[in-house]
Every structure is written in structure tokens, then in C-alpha cells.
Amino acid sequence: HQELHENSTCDIINEKVDKEEVRSALDLLRPAERQAIYLNYFEGYSAAKIARINNMPRSTVLSLLQRGKQKMAKALKTLAFIQNRKINIRKIRKKE
């Protein structure tokens with residue numbers, strides 16, 4: 001399991017969700033989704049580069065990223081609901 005860095009390049013949610021919760025959400029993904037998200041958001045690889053690494057079409061990588069982000073958002077919202085917290089999940093995007 002790769003380490004999530006303190007200053008990751010990913011703006012997933014507000015500060016009320018900690019790194020452990022993000023790790024848990026990542027663990028719920030299929031391996032291909034998890035790898036695509038990790039390489040894109042935490043290592044900074046483009047979808048085209050990830051596609052070349054994995055010998056797959058860029059469109060497949062884009063689908064993996066989209067599905068993975070949706071699953072993570074749902075998992076984090078569910079966790080917040082269970083813990084009776086209100087969080088604002090913003091669109092996952094790379095910080096410039």
C-alpha cells in the first residue's frame with residue numbers, strides 16, 4: 001500500500017475527513033481503479049501516461065478514474081453519515 005503524503009496533490013474533501021478515511025475509501029476500489037487514482041492524483045501521471053504503463057486505451061483509464069472517484073465519494077459520504085458528521089465532498093480535482 002503506497003503512503004498518502006501530507007501535502008497530496010488531491011483536493012478530495014474538506015479538512016473534516018482525515019487521511020485514514022481516504023485510505024479506507026481507496027481500499028474499497030477495484031485494484032485497477034485504485035492504481036489509476038493513485039498514479040493520477042498522488043503521482044501526477046496523466047491518463048495517457050497511465051494508459052501507456054498499463055497497455056490500455058486512455059478512455060479506459062478515464063473510465064477507471066471516474067468510477068473510482070464516484071465510489072470514493074459515496075464511501076466517504078456514507079462514513080460521514082454513519083459518524084453523524086456533515087462533510088462537503090467537492091469534485092475531486094488535481095491541485096495546480
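The values are calculated or read from the model by the stated rules, or taken from the named source; none is laboratory data. What you are looking at is a predicted structure, and each value in this text was computed from that prediction instead of being measured. Glycine also receives a Cβ, built like all others from the backbone with ideal geometry; neighbour counts cover every protein chain displayed. These area figures cover heavy atoms from the full protein model, side chains too; ligands, DNA and RNA do not enter into them. Shrake-Rupley method; radii C 1.70, N 1.55, O 1.52, S 1.80 Å.
Of all residues in segment 33-44, which are within 17 Å of residue 73 (Cα to Cα) and modelled with pLDDT of 90 or more?
The answer is 33, 34, 35, 36, 37, 38, 40.
Check off (1) at pLDDT 90 or above; (2) assigned to a helix (DSSP H, G or I) for residue 29 and give me the number that stays unchecked.
Single failed check for residue 29: (2).
Before we move on, is residue 70 open to solvent by 50 Å² or more (accessible area, probe 1.4 Å), modelled with pLDDT of 95 or more and within 12 Å of the chain's Cα centre (by Cα)?
no
Identify, by number, the condition in (1) of a type in the set (A, V, I, L, M, F, W, C); (2) in a helix (DSSP H, G or I); (3) at pLDDT below 85; (4) under 15 Å from the mean Cα position of the chain (by Cα) that residue 4 doesn't meet.
All conditions pass for residue 4, except number (2).
Which ones in segment 28-67 are surrounded by fewer than 14 Cβ atoms within 10 Å (Cβ to Cβ) and either under 10 Å from the mean Cα position of the chain (by Cα) or among the hydroxyl-bearing types (Ser, Thr, Tyr) (or both)?
46, 59, 66
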